[in-house]
Amino acid sequence: MRKEMFNHEINILRDTYRRLLRRQAKTNLIKLTRKTHPADLAILFRHFTLEEQTEIFTLMNENEHTAEFLTELDDSLVSELLSNENLERIASIIEKAPTSDQSGILNLLKDEKAQSVIELLNIDEQEEIAEIMGYPEDSAGSLMNTEVFTLHESITAGDAIKTLQDQEDAEMVFYLYITDDDDRLVGVISLRILTTTPSTTTLKDIMIKNVHTIRPETDQEEVARIVAQYNFLAVPVVDSESHLLGIVTVDDVVDVIREEATEDFLQMAGAGKDREILLKSSWESAKTRLPWLFASWIGGVIAAYLIGVFEGMLENIIALAAFIPVILGMGGNIATQSSTIIVRGMATGRVNIGGEIKLILKEMKVGIILGALYGVLLGVFAKYIFADSHTNLGIVVGLSICVSMLVAATVGTVIPLLLRKLDIDPAVATGPFVTTSIDILGVLFYFLIAGLFLSI
C-alpha cells in the first residue's frame, strides 16, 4: 500500500515538473526543487529525458541540497550532468558537500577537470580532498567524514553540552569522541549519557575507553560488517598513533551494503559487476555479459559432445533423451541455491574458516534428501508414461536425478569455498564454474547410470 502511494506521489511530481518545464516557469521550478527531497528528486530524474534533466539541474542552487542530490544519482548520470558544467559551479557544489561525498563526486569527473575544480577550492579543502582521494577507492578512508566533533577528556559534562550547542556543522553528534593532550582518541560518550550525567563530572570519568576503531585502509565490506554486527551509528577512523582522522556513519554503510550486494548478485548471475548495467546500451551490456556466458557455452559444448558419445544408447532407448533437460535443470537449480547460500554466508561472516567440512556435509544431505524425493517422483512418472520402454527406465531416471542433485549441491558448496582458499572472489567465479561443471557432470552420470542398468 505504501509503495503504491509512493509511486503515485512520484508520478504526480513528475507531471508537475514537466508542466512547469513546458511553461518555462523557472521561478516555480526552483521553488519545487527546493521542496523536493534529494532522494525523491533522484528517482524522478530516471523518468526525465537528458534535456529535461539538464534544464532542471541548471536551475538548482549550489547548496547542500544539490550536493546531496548528486550523491543519490546513478554515477553515469552525475558524469553526464557535470560534463557540461563550468568549473566554478562544480567547485561551488563541492564546497557545500560533506568530505565523504566530495571525493566521490570528483572521481566521476575526468582527471584534468577534477584537478581544475580542486584548484578552485581553498587550501584547507584541497588538502582534505587530497587526503581522502589518496586512500583506496573501497576503503574506510574514502568513506569517512573528516568534520568530526571532539572534546577533551578533562572538561566537564556541563561545559561539553555548552560547547556542543555552539556546533552547527558537526557530523553525527550521537557519539562524542574524546581526545587527550596529544589529540589521540581515548574514549567515546553517547549523547544520552552526556545529558543524564551531573554537570560537574569530567568526561574522563564517564567515557567508554574501549573504543572500536578502524584504520583508513580497512575495506568497506569489513566496515559494513562491523557496523551491522555491533549496531553502531558511526565508527571512528584512526591512524597508527590513534589520532582521529574521521568517522564512517551508518548512512554511508547502508550505501556500501547495497552496492556490494548488488555487485555480488550481478557477478554470480554472470552479468559483470557494473551496478549501472540497466543504464548501459544493448551493445555495452552484451559486451559485459559475453565473457561470463562463454563458460556456460563451453559446458554446453562438452555436454553435447558427451551426448554424441552415447548416441547409440539414445538410438536404442529414445525415451532417455526426454529426461536430459529436467536432470540438468534440477541439478543446475540446486547448485545455484547452494552456491548462493555459501557466497552470501561468506559476505555476512556466517561461514567460518574451519567449518568447511561440516558445511559441505550439510549441503550434501540436503542434496540427498531433495534428490531422493524428486528421484522417486520422476522415476514413477517415467515408469508409467514410458511403460513401453525399458523396464529399468524409471530406476535410471530416478537414480540419475538423485545423483545429479547430490553432486550439484556438493559442487555448489565446494567451489566457492575452494575459491576463497585460493584468494579468488567467490562472487566473481562461482557462477560460471558451477554452471559448466553441472552441465558436464549431469550428462556424464546420467549416461553412466543408464549404461549400468539398461545393459546397452
Completion exercise
Of those in region 301-323 that are out of contact with any helix residue (DSSP H, G or I) (no Cβ under 7 Å at 6 or more places or on another chain) and under 12 Å from A450 (Cβ atoms), the residue modelled with the lowest pLDDT is N316
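Table: residues versus (1) under 20 Å from G134 (Cβ atoms); (2) touching a Leu at 6+ places or on another chain (Cβ under 7 Å).
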{"position": "T179", "(1), (2)": "no, yes"}
{"position": "V186", "(1), (2)": "no, no"}
{"position": "V211", "(1), (2)": "no, yes"}
{"position": "E217", "(1), (2)": "yes, no"}
{"position": "I226", "(1), (2)": "no, no"}
{"position": "Y230", "(1), (2)": "no, no"}
{"position": "L233", "(1), (2)": "no, no"}
{"position": "V238", "(1), (2)": "yes, yes"}
{"position": "D255", "(1), (2)": "no, no"}
Exercise for the section: Among the numbered conditions (1) under 20 Å from E222 (Cα atoms); (2) in contact with a helix residue (DSSP H, G or I) (Cβ under 6 Å, 6 or more places away or on another chain), tell me where P136 comes up short. Expected result: (2)
Exercise for the section: Return a yes/no flag: does region 107-120 have any residue that is surrounded by fewer than 18 Cβ atoms within 10 Å (Cβ to Cβ), over 21 Å from S76 (Cα atoms) and of a type outside the set (D, E, K, R). Expected result: yes
Exercise for the section: Identify, from the list E72, E80, the residue that is acidic (D, E) and either modelled with pLDDT of 85 or more or farther than 25 Å from V248 by Cα (or both). Expected result: E80
Practice task
Kindly state which helices (runs of 4 or more DSSP H) lie completely within region 135-208 and contain at least 3 residues that are closer than 21 Å to T99 by Cα.
Solution key: 140-143
Fill in the blank from the handout: By residue number, the members of region 406-415 that are within 20 Å of G451 (Cα to Cα) and in contact with a Phe, Trp or Tyr (Cβ under 7 Å, 6 or more places away or on another chain) are V407
Completion exercise
Expected output for region 353-372 (first residue closer than 18 Å to P416 by Cα and surrounded by 14 or more Cβ atoms within 10 Å (Cβ to Cβ), partner modelled with pLDDT of 85 or more and among the polar types (S, T, N, Q), Cβ below 7 Å, 6+ apart or cross-chain) is L359/T413; I360/T410; I360/T413; E363/S338; E363/T410; E363/T413; M364/T410; G367/T410
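The values are calculated or read from the model by the stated rules, or taken from the named source; none is laboratory data. Predicted model only: the values in this text are computed from it and were never measured. All Cβ positions, even for glycine, are placed from backbone atoms using ideal geometry, and neighbour counts span all protein chains on display.
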